[in-house]
1. Please name whichever of Gly236, Thr216, Val246 sits farthest to the positive end of the charge dipole of region 205-248, dipole taken about the Cα centre and charges placed at Cβ: Lys and Arg +1, Asp and Glu -1.
2. Within the chain, how many lysine pairs that are 8 or more places apart, or on different chains, have C-alpha atoms less than 26 Å apart?
3. Any idea of His39's accessible area? Nearest 10 Å², probe 1.4 Å.
4. Might you report the magnitude of the Cβ-based charge dipole of region 206-309 about its Cα centre, with Lys and Arg at +1 and Asp and Glu at -1, to the nearest 20 debye?
5. How big is the accessible area of Phe250 in square angstrom, nearest 10, if you roll a 1.4 angstrom probe over the protein chains?
6. Using only Cα atoms and rounding to the nearest 10 degrees, what angle (0 to 90) does helix 271-282 make with the longest principal axis of the chain?
7. Run the numbers for Lys314 and Asp253: contour at 0.36 nm per residue of separation, minus the present Cα-Cα distance, in nm.
8. For an R0 of 51 angstrom, estimate the FRET efficiency from the Cβ-Cβ distance between Arg233 and Thr260 and round to the nearest 0.05.
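The values are calculated or read from the model by the stated rules, or taken from the named source; none is laboratory data. Values in this document were obtained by computation on a predicted structure and should not be read as measured data. Neighbour counts are summed over all protein chains in view; Cβ atoms, including those assigned to glycine, are modelled from backbone coordinates with ideal geometry. In case anyone asks, the SASA skips ligands and DNA or RNA and just uses the protein heavy atoms, side chains included. Shrake-Rupley method; radii C 1.70, N 1.55, O 1.52, S 1.80 Å.
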Amino acid sequence: MRRSRRFTVAVLAAATLGTTLSAPPALAAGGRPALGIDHCTDTACHFDVPPGTYDVRVVLGGDSASSTGITGETRRSLLPATAVAPGERVTRAFTVDVRTPEGEPTGADGTPGLDLVLGGAAPALADIRVTPARHARQILLVGDSTVCDQPGDPYSGWGQQLPRYLRKGLSVANHADSGESTVSYLRDARLWATVQQRIRPGDLVLVQLAHNDKTTDEATYRANLEALVAGIRAEGGRPVLVTPIVRRWFNADGTLNNGTALLVNGLGVDHPAVIRSVAAAHGVPLIDLTAKTKALVESLGVEASKALYLYNEKRDNTHTSEHGATVYAGLVREELVAQGLVPKGKVRVG
C-alpha cells in the first residue's frame with residue numbers, strides 16, 4: 001500500500017530515535033513474522049489475519065505535535081486520542097478481538113482480517129506490530145442496541161467504547177445485538193449458543209438485556225437471566241449482571257422516577273429490580289448501571305443530558321451518542337475495577 005511523505009518522515013524519525021523500523025521483523029507465535037507498518041497508509045491499516053485475539057503495539061509521534069486515536073473493525077474505540085509533543089514518541093498497546101461477523105452477530109460479516117483507522121486531530125503513527133495474543137483474558141458482552149458495536153454514525157453502544165479503557169491483555173468480544181430481549185437472545189444460535197462456545201475459564205461475561213423485554217413477564221424474565229448465569233458458569237466463565245442504562249425521560253420536577261426512564265415494562269415488570277434480585281440470589285457481581293446513569297442524567301439536567309443521547313440528532317432518548325457511550329463505558333470500567341473484576345493496572349484512566 002502507498003504511504004504518504006509525512007508517513008515516511010515519521011518512520012525515518014522514529015528510526016533516528018531508536019525505533020528500528022527497518023530491522024528484520026519480530027517473530028510472532030509459531031515463528032511467524034509480526035505484522036508491521038508496511039500494512040498501513042497514513043490513515044488506516046489492514047492486516048490479513050484469521051479470526052482470533054491479537055495484541056497491537058503502536059509507537060505514536062512525529063516531527064510535529066500530534067494527536068492520534070485508533071478505532072478498529074466496526075467502529076470500536078481501541079485507543080483514545082493520545083497527544084505527543086514534537087519529536088517525541090510514546091508507546092501504547094491494546095488487545096483486539098477479530099471475528100466474523102466483525103460487529104453485531106446478526107449483521108453483515110464485514111471485512112476479513114483486522115482493520116484499524118487512525119484518527120485524532122493530527123494522527124502520526126511511527127510504528128506498529130500485530131501479534132497473536134497468548135495470555136489475553138476476554139470480556140464478553142451480551143446485550144442489546146445500547147451495548148452493541150453500532151455500524152453507523154451517530155449511534156454508539158457503550159460496549160463499543162469499552163475497549164478504549166483497557167490495556168494489553170484484556171480484549172472485549174462484543175456479542176450484543178440490536179433489538180434483542182432475553183427471550184430472543186437465548187433462542188438465536190448466532191447469539192447465546194455462539195457466546196457459550198467462546199467462553200474460556202475465567203472470562204468475564206457482562207449481561208445487559210432489558211430494553212426489548214417489553215412483553216416478557218417477570219417469571220420468564222427471571223428464568224432467562226438465571227439460564228444465562230448458569231450457562232456462563234457451566235463454561236467456567238464469570239457472569240456479571242448489568243442493569244440497563246436509563247432512558248432520558250424526565251418528570252416535570254427534573255427526576256427520572258418513572259417507568260419509561262427506569263425500564264418498567266407494560267406488564268409492570270421492573271427490570272432493574274429483577275436483575276438486582278437475581279444477582280443477590282445467585283451470588284453474581286452486579287453493575288447497577290441504571291442507578292449510575294440515573295444519577296448522572298439527573299445531575300446534568302434536561303438540557304446538558306441531551307448530549308449523552310441522540311436527542312439533538314434523532315430525538316432519541318434511548319440510544320447514546322459516541323460521547324454518551326464513552327461516558328457510560330467509563331462507568332462500567334470504574335465498577336469492574338472497584339469490584340476487583342479487572343486489575344487496576346489493566347485499565348486506562350481516559
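1. Val246
2. Taking the Cα cut-off of 26 Å, the pair count is 14.
3. It works out to around 50 Å².
4. Details: 10 positive and 10 negative charges, 45 e Å.
Approximately 220 debye in magnitude.
5. So the heavy atoms of Phe250 present about 40 Å² to solvent.
6. For helix 271-282, the angle is close to 80 degrees.
7. Values: separation 61, 0.36 × 61 = 21.96 nm, distance 2.43 nm.
Full extension from Lys314 to Asp253 adds 19.5 nm.
8. Working: r = 33 Å, r/R0 = 0.66.
Working from the Cβ atoms, E equals 0.95.
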